[in-house]
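The structure appears below as structure tokens.
The values are calculated or read from the model by the stated rules, or taken from the named source; none is laboratory data. Only a predicted model underlies this, so the values are computations on that prediction, with no experimental measurement involved. Here Cβ is always computed from backbone atoms with ideal geometry, including for glycine, and neighbour counts include all displayed protein chains. Surface areas here come from the heavy atoms of the whole protein model, side chains and all, with no ligands, DNA or RNA. Shrake-Rupley method; radii C 1.70, N 1.55, O 1.52, S 1.80 Å.
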Amino acid sequence: MPTVRELADSVGLSSAQTVHYHLGILEEEGYIERGDAPSRKRRPLRLTGRGWEVVGQAPMPGRVAAGRGLEAVAEDDYYSLNQVLGTLGGRRRYLLRVVGQSMTGAGIEDGDLLVVEEREDPPDGSVVVALIGGGDEVTVKKLYRERGEDGEMVRLVPKNGDHRDIMLPADEVRVQGEVVFVIHPPRR
């Protein structure tokens with residue numbers, strides 16, 4: 001979450017107090033929830049169910065594993081989020097729901113939504129969605145390309161010490177896109 005000052009700057013306001021005022025109204029109206037006073041230093045801010053209802057609709061074509069892998073199955077769902085999605089530089093964006101805990105160190109939790117921008121060649125260190133094992137499994141991990149004894153290799157790195165890196169020949173990994181935004185929906 002950006003700071004109040006960053007929010008003010010991004011919308012061209014000179015006063016951070018104006019942002020506090022508007023956040024207060026959104027909270028009073030039930031569109032957002034803010035954490036309690038001590039945790040506000042970490043800037044937790046979440047849309048409530050009512051807040052999700054007003055931001056539009058976007059396709060959510062499936063789920064992605066934050067573990068070893070999950071069978072790649074398409075879903076025909078829509079999720080409220082048009083303002084976050086769209087295209088950037090001609091690249092399409094879509095949503096995936098996270099299943100698993102391998103990326104908790106990167107702030108990606110089970111049940112979160114990932115805004116993924118279609119991109120086949122993101123830079124090393126990017127958090128990506130990748131098809132592995134001949135396209136039967138899809139996972140979210142940090143991407144690193146390496147040169148091994150057997151040629152070009154791809155290392156997919158989890159951000160949770162309970163999970164191991166996945167190292168595969170480059171031709172066995174197909175990057176689907178780069179994670180550009182993580183959404184923490186209201187927990188039930």
GLY161 versus (1) at pLDDT 90 or above; (2) out of contact with any helix residue (DSSP H, G or I) (no Cβ under 6 Å at 6 or more places or on another chain); (3) part of a loop (DSSP other than H, G, I, E, B): which is the lone unmet condition? (1)
Just checking, does the range 74-85 include any residue being open to solvent by 60 Å² or more (accessible area, probe 1.4 Å) and at pLDDT 90 or above? no
How about the range 12-53: which of its residues are at positive phi and either open to solvent by 100 Å² or more (accessible area, probe 1.4 Å) or modelled with pLDDT under 70 (or both)? ARG43
Taking into account only those residues within the range 170-188 that are open to solvent by less than 20 Å² (accessible area, probe 1.4 Å) and at pLDDT below 90, which is nearest to the chain's Cα centre (by Cα)? ILE183
Suppose the filter is farther than 19 Å from GLY67 by Cα, in contact (Cβ under 8 Å) with a residue 60 or more places away in the chain and under 14 Å from the mean Cα position of the chain (by Cα); does VAL116 pass it? no
So GLN57, is it among the polar types (S, T, N, Q), loosely packed, with under 14 Cβ neighbours inside 10 Å and at pLDDT 65 or above: no
Considering each of GLU109, GLU149, GLU137 in turn, give the residue that is surrounded by 13 or more Cβ atoms within 10 Å (Cβ to Cβ), at pLDDT below 90 and among the acidic types (Asp, Glu). GLU137
As an exercise: evaluate GLN101 against (1) assigned to a loop (DSSP other than H, G, I, E, B); (2) polar (S, T, N, Q); (3) at pLDDT below 65 and give the number of the one condition it does not meet. (3)
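For ARG164, are the conditions met, namely being surrounded by 15 or more Cβ atoms within 10 Å (Cβ to Cβ) and either without any contact (Cβ under 8 Å) to a residue 24 or more places away in the chain or among the small types (Gly, Ala, Ser) (or both)?
The answer is no for ARG164.
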